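Okay, here's the structure, questions in a sec.
The values are calculated or read from the model by the stated rules, or taken from the named source; none is laboratory data. Note that the structure is a prediction, hence the values are computed from the model and not measured. With ideal geometry, Cβ positions are generated from the backbone for all residues, glycine too; neighbour counts draw on all protein chains shown.
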Amino acid sequence: MTKSPVALRKELIKNCHRVVVKAGTRLLTDPESLSRIIRQIADIRKEGKQVILVSSGAVGTGMKLLGLKKRPSGLSEVQALAALGQVKLMAMYQEECAKHGFLAAQLLLTADDLRDRERHINTLNCVETLLSQNILPIVNENDPVSVSGLKFGDNDILASLLACMTRSDLTIILTTVDGLLTPMPDGSFGERISVVCGVTDTQRNMAKGTDNAEMSIGGMASKLKAADTLNAAGEALWLASGKTPDILGEIFAGKDVGTLFLPAEGHTHKLESKKRWIASFSRISGKLTVDKGAATALMEKGRSLLPSGVISVAGSFKRGDVVEVCDSECNLIAKGLTNFSSTECKLLAGYQSSSNHTILKYHADEEIIHRNNMYVYKNH
C-alpha cells in the first residue's frame, strides 16, 4: 500500500456516486441516533450522492415496545417482534425524512429474492426506480416470514449483497465500535486498524468473540464476511462508529476514521453484473471436479471449461443452472452457468470438444462452461 490512509479515503470518496449505509440495531433503538443518521444521509444526498439505507432495528424496536431486555430464542417470538417493531421503525423514518424534504420507501427481502434471477432483477429495478425519483430506499430482511433457509444471516450480509447487486461504490456499516481493533493478550482491544487490503485469516481471528446476542446477531465476523463479498466484486466497505455525532460527514470528508476494507492489490477490477450474480447470489445445483490442467487453465490462463478437463460430475442439474467447479483436492475454484445437463456432462467428461456432436447427436456448444458465464476465485 503506497498511498496514505487519508489519500486512499479521499480518492474513494471522490469517485463515489452510490453508497449503501447500514445501521445496526443498537444504534436504531435510540430515537436520537435514528434522527442523526437521517440528517447525515440528507447531507450526503445534497452532495449529489445516491443513498440506500439498510436498517436493522425492527426486532429491537419491538422489544422496546414490549419492555423486553433480552432477545427471545423462539422463531415465532422473534418474527412477532419484527412485525410489531417494523411498523414503528418505518413511521419514525418517514417522520425524519419528511423533515428534510424527501420520502422513504420500504423493501423487505428474503435471501430467495436475490438468489432467484427474475426476482433479483425485479428488486434491482425497484431500487433503481426509487433512486431515480429521489426516494430513500430503506431495506431490511423480511424477518416476520424468514426461516433459516431463506435468511441472509444478518443485515451486514444483506448490505453487502445489496451493494453488490446495485453496483454501489461504497458500503458503510455503522456500528458501536470505531472499526476493526487489534486484540490484546488480556482480551481487551488496542489500536484501530485504518486500512485492510484484502481480508486475511489474521483479521478473521481478530473477530472471534465479538458477538452480542442480547439485542442483535451481527458481530465482527459477519462484517468481515461482508467485506470479503464486496472486495471480491471490486468494491469497498467502510466500518465506523455510528455513535460519532457526524460520522458520515467525516467519512465523506475523507477523514481517517473507522476501518476501510479495500480489495487486495491486483484484484481491484469491478465485476460485471452477471458474474456478481453467479458469485454471490446464485443457487448451486451441482458440482464438476476437474483435473490439474483444467484448474490451471481456469485460474491462470482465463480459459473456458472444456469437457476434456472434467473428472467427475455430482448432482442433478439442467442447462443454464449454476454449478461449482472444484479441483481434484476438492478446493472450490469457480462457479458458472453450465451449457449441459448433468446427464450430458457425464457423457462428455474426459472427451475432446470435437466429440460433443458425435456423443450427443446434436450441434452442441464446445464448452461445458464458457468463460463469460463463470466466476473464478482468486485464491483457494
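Among all residue pairs at least 6 apart or on different chains, which show Cβ distances below 8 Å where the first residue, located in region 236-248, is closer than 17 Å to K10 by Cα and the second is among the charged types (D, E, K, R) and in a loop (DSSP other than H, G, I, E, B)?
What qualifies is A236/D169; A240/D178.
Out of region 344-376, which residues are among the acidic types (D, E) and surrounded by 18 or more Cβ atoms within 10 Å (Cβ to Cβ)?
Matches in region 344-376: E344, E367.
Just to check your reading of the model, which residue among E96, E128 is of a type in the set (D, E) and crowded, with 17+ Cβ neighbours inside 10 Å?
Criteria check complete, one pass: E96.
So, G62, is that one on the phi > 0 side of the Ramachandran plot and free of Cβ contacts under 8 Å to residues at least 40 places away in the same chain or not?
Against the criterion (on the phi > 0 side of the Ramachandran plot and free of Cβ contacts under 8 Å to residues at least 40 places away in the same chain), G62 does not qualify.
Right, another one. Given the conditions (1) over 22 Å from N205 (Cα atoms); (2) touching a residue at least 40 places away in the same chain (Cβ under 8 Å), report the number of the one that A295 does not fulfil.
(2)
On to the next question. Where the second residue is modelled with pLDDT of 95 or more and exposed (fewer than 12 other Cβ atoms within 10 Å of the Cβ) and the first is more than 11 Å from T166 (Cβ to Cβ) and not assigned by TED's automatic domain parsing to the domain that holds F102 and lies in region 121-132, which pairs have Cβ atoms under 7 Å and are six or more apart or on separate chains?
As it stands, the answer is none, since no pair meets every condition given.
Also, quick follow-up: For D43, work out the one condition from (1) surrounded by fewer than 17 Cβ atoms within 10 Å (Cβ to Cβ); (2) over 23 Å from I172 (Cβ atoms) it doesn't fulfil.
The failed condition is (2).
Among the listed residues R192, R204, which satisfies the condition of being at pLDDT 90 or above and surrounded by fewer than 23 Cβ atoms within 10 Å (Cβ to Cβ)?
From the options R192, R204, the qualifying one is R192.
Can you tell me which residue among G48, G57 is of a type outside the set (A, V, I, L, M, F, W, C) and crowded, with 21+ Cβ neighbours inside 10 Å?
Going through G48, G57 in turn, just one is of a type outside the set (A, V, I, L, M, F, W, C) and crowded, with 21+ Cβ neighbours inside 10 Å: G57.
Would you confirm, using the coordinates I've provided, whether E265 is touching a residue at least 24 places away in the same chain (Cβ under 8 Å), surrounded by fewer than 18 Cβ atoms within 10 Å (Cβ to Cβ) and acidic (D, E)?
yes
Every residue, every condition in (1) out of contact with any Cys (no Cβ under 6 Å at 6 or more places or on another chain); (2) surrounded by 23 or more Cβ atoms within 10 Å (Cβ to Cβ), yes or no:
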| residue | (1), (2) |
| --- | --- |
| A226 | yes, yes |
| A233 | no, yes |
| L237 | yes, yes |
| S241 | yes, no |
| G249 | yes, no |
| T259 | yes, yes |
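Please list, ordered by residue number, the helices (runs of 4 or more DSSP H) wholly in region 1-83 having 3 or more residues that are over 18 Å from D156 (Cα atoms).
It comes to 5-14, 31-46, 58-66.
Tell me the residue from E366, E300, E265 that is of a type in the set (D, E) and over 31 Å from the mean Cα position of the chain (by Cα), please.
E366
Residues to consider are G320, G302, G286, G315; find the one that is within 26 Å of C164 (Cβ to Cβ) and buried (at least 18 other Cβ atoms within 10 Å of the Cβ).
Step by step, each of G320, G302, G286, G315 is checked, and only G286 is within 26 Å of C164 (Cβ to Cβ) and buried (at least 18 other Cβ atoms within 10 Å of the Cβ).
While we're here: Anything in region 1-13 that is without any contact (Cβ under 8 Å) to a residue 24 or more places away in the chain and basic (K, R)? List them, or say none.
The answer is K3, and nothing else.
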